[in-house]
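Notes follow the structure.
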Amino acid sequence: MKQVKLAVFIIIIIFLSGCGSARYGRDATLSQDIGEYYKAIEKYRKARKNEKNRQKRIEYAYQLAECYRAIGLYDYAAQNYKFAIRLGYDDTEALLHYADMLRITQKYEEAYETYRTYLDAVPGDERALDGVEAMQKTQEWVANPTRHIINPIKEINSRESDFAPVFVGGRDNEIYFTSSREASTGKKESMITGQKYTDIYRATFGIQRQKWEKPRLLDENMIINTGDEEGAVSLSSSGEEMIFTRCRYDKSQPMGAELYSTSQSRGSWSNPIKLQIVGDSIIAAHPALNPDGTEIYFVSDMPGGQGGKDIWKATVDGGSFGRPVNLGPAVNTSADEMFPFVRDNGDLYFASNGHIGQGGFDLYHAFKNDDGILVVENMGSPMNSPSDDFGIAFVSGENKGMFTSNRKGSRGDDIYSFVVPPKVYQIEIDVFNKETASHLDGSTMRVIGTDGTNLKIRARGGKFKMKLKPETEYVFAAFKDGFLRDKAAVNTIGLDDSKDFRFTMNLTPTDAPIKVDNINYEFGSWELLESSKSALDTLVQILVFNPTITIELMAHTDYVGSDQFNFDLSQKRAQSVVDYLIEKGINPERLVAKGYGETWPKTVNRKLANQYDFLKRGDELTEEFILKLPEAQQEIARGINRRTEFRVLSTDFIQRFDAEPEG
């Protein structure tokens, strides 16, 4: 009899446990269905703990993972997806979501293998293929970061959630933001996040201390901030009108997100008015006014969207609104798009977990290209991270602002500042005397740019420096009396980052003959070899760039052969060079051909002395000097004497043009 009673007692315990787990399971499902994920997690955990049925425990594990994923606790989501899959959960969606969580938590090898397993079961699934591509893109974004500099704002952030900042009047010294910190007026905990109800806060930047002051409630009179949840603000360009999100509750049951409008006069806010943009029982949240206040963007799950929560817009005319228009598949996906912001140039920024990105929610930039087509771009690293990044706002007219992230190092949802430092382009030019290799004092730099720049600046001490403008082409020309000019060209078009340009200009003195390297002829002939023409083309450029000089082309031979033969050959070679230059468009009046045969041996200059250790500067390579050298060195010295040079005869040539004949 005692054994029978014990058996009945055990059955009763099991029955009661089953009833308890079933109740927890039903409550959890109800909470999950209405978006109370934090409450649902508590119920599912209790249900799973008390549930004896294996299949139900597996189902609870999967739903736990879904709830953790919904509130951005991706590590916990991954653990529960893994548990459900290992116990035999048979819906392939679990594999896909598990792969996503592994990717977001940067377990890329496991993620890749899980995506492949899923694709074996569901070939060609776009979501899985996007996940694989997202891992590849993430590596590219991290390897090639943008120029954004980001920092958490410690004076503003708390242990709770702080997010969605906006700048008052577009200025950088005052913000409104949303927070669930301890000072909030709502005393209840959100069934979605487990934190206190959110309120709208205000923070100002202290100029003297150069830091943000302690944030305070925007309104302590229960006009804006109430016992419900308020947040996600948009302001008019003046900052005097505000549209915000309010989530009302009836006996702790959410009534959905709604948009309210209020205005400020003499420091006081008017009673908020609910905006009639969407119908009743439809979510409307995260407002964003365009710069002139003629359009409002907002988030809703109303029918006619792409799936999940979408971004919509409506025209604003006084207190009335046009019919909402979905932004379409370029912006919205089957997942969620949230927290829109319209910059003062009209570009749209938003957060999405549906486009290809690094983590849960990433920040995106939407703009129209030159063809008028809407393009959406991921903002890359470091703006985006493997975690959630959202709620961006810009300071008017500047490439800086704030955004929200729960990335590694954050205490939750924290507010970060960002700035893109201006691109700085600078050029430094050293001007040298080509013969002495020393800085050339007293030279002048002529600067011409496609932006209209036209300057003459003294290069003091042979050094020149200036800042350049973006998207501009420049030509720099250095000149000084008694020297040939030199030039350099740079451009800043299409440069993605700051850059310092560094050049050396070598001005050749005109008080001595100037050798033209690499001028070669057929043996015993005056016919120019084809290889010589590129060197002569350089001479053409010198003459074009120095249009007032006239020159003498000087051809020299060594002492081998008769004097007359060498003289005739050198004259014909000099004339060959002149003929080539004329053919290239150089005025014949600027050119004189002169052959010197063997009569003008080369005097060793600095360059030759550095090149050949058996020669020293000032040596004259006469026949007598050369014959004293070893045979191998004699050939080198004779080769040096066989040369083509030019010297400047005058610097005041003026091009004359014949008058056109009268018709």
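The values are calculated or read from the model by the stated rules, or taken from the named source; none is laboratory data. Because the structure is predicted, anything quoted here is derived from the model rather than measured. Backbone-built Cβ (ideal geometry, glycine too); neighbour counts: all protein chains shown.
Below are the figures for this structure:
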quantity: Every residue from the range 184-212 that is exposed (fewer than 14 other Cβ atoms within 10 Å of the Cβ) and either in contact (Cβ under 8 Å) with a residue 40 or more places away in the chain or not assigned by TED's automatic domain parsing to the domain that holds Ile243 (or both); calculated: Lys187, Lys188, Lys211
quantity: Matching residues in the range 456-492 - criterion: being under 18 Å from Asn506 (Cβ atoms) and in contact (Cβ under 8 Å) with a residue 60 or more places away in the chain; calculated: Ala477, Asp481, Leu484, Arg485, Val490
quantity: Flag if Phe394 is farther than 26 Å from Leu495 by Cα and either in contact with a Leu (Cβ under 7 Å, 6 or more places away or on another chain) or surrounded by 18 or more Cβ atoms within 10 Å (Cβ to Cβ) (or both); calculated: no
quantity: Selection status of Ala288, under 21 Å from Arg202 (Cα atoms), of a type in the set (A, V, I, L, M), in contact (Cβ under 8 Å) with a residue 12 or more places away in the chain and crowded, with 19+ Cβ neighbours inside 10 Å; calculated: yes
quantity: Residue count, the range 518-534 (criterion: touching a helix residue (DSSP H, G or I) at 6+ places or on another chain (Cβ under 6 Å) and more than 20 Å from Asp568 (Cα to Cα)); calculated: 1
quantity: Complete set of residues in the range 55-92 that are more than 30 Å from Ser161 (Cα to Cα) and in contact with a Leu (Cβ under 7 Å, 6 or more places away or on another chain); calculated: Ile58, Ile85
quantity: Test: residue in the range 333-347 that is more than 25 Å from Tyr74 (Cβ to Cβ), surrounded by fewer than 22 Cβ atoms within 10 Å (Cβ to Cβ) and touching a residue at least 60 places away in the same chain (Cβ under 8 Å); calculated: yes
quantity: Residues satisfying the stated conditions in the range 218-234, i.e. surrounded by 23 or more Cβ atoms within 10 Å (Cβ to Cβ) and not polar (S, T, N, Q); calculated: Ile224, Glu229, Glu230, Gly231, Ala232, Val233
quantity: Subset of the range 133-147 [surrounded by fewer than 19 Cβ atoms within 10 Å (Cβ to Cβ) and either within 21 Å of Lys408 (Cβ to Cβ) or hydrophobic (A, V, I, L, M, F, W, C) (or both)]; calculated: Lys137, Gln139, Glu140, Val142, Ala143, Asn144, Pro145, Thr146
quantity: When residues of the range 612-656 are limited to those that are in contact with a helix residue (DSSP H, G or I) (Cβ under 7 Å, 6 or more places away or on another chain) and of a type in the set (S, T, N, Q), the one nearest to Val540 (Cα to Cα); calculated: Thr644
quantity: Residues (in contact with a helix residue (DSSP H, G or I) (Cβ under 6 Å, 6 or more places away or on another chain) and of a type in the set (S, T, N, Q)) located in the range 544-572; calculated: Thr550, Thr557
quantity: Residue ranges of strands (runs of 3 or more DSSP E) in the range 137-192 with at least 2 members hydroxyl-bearing (Ser, Thr, Tyr) and within 23 Å of Val299 (Cα to Cα); calculated: 174-179
quantity: Identity of the residue in the range 80-109, in a helix (DSSP H, G or I) and surrounded by fewer than 17 Cβ atoms within 10 Å (Cβ to Cβ), that ends up farthest from the chain's Cα centre (by Cα); calculated: Arg86
quantity: Lone qualifier among Phe625, Phe567, Phe614 - being over 12 Å from Thr644 (Cβ atoms) and either in a loop (DSSP other than H, G, I, E, B) or in contact with a His (Cβ under 6 Å, 6 or more places away or on another chain) (or both); calculated: Phe614
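For every residue, the table says whether it meets (1) surrounded by 18 or more Cβ atoms within 10 Å (Cβ to Cβ); (2) over 44 Å from the mean Cα position of the chain (by Cα); (3) modelled with pLDDT of 85 or more.
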{"position": "Ser21", "(1), (2), (3)": "yes, yes, no"}
{"position": "Gln32", "(1), (2), (3)": "yes, no, no"}
{"position": "Asn53", "(1), (2), (3)": "no, yes, yes"}
{"position": "Lys56", "(1), (2), (3)": "no, yes, yes"}
{"position": "Leu64", "(1), (2), (3)": "yes, no, yes"}
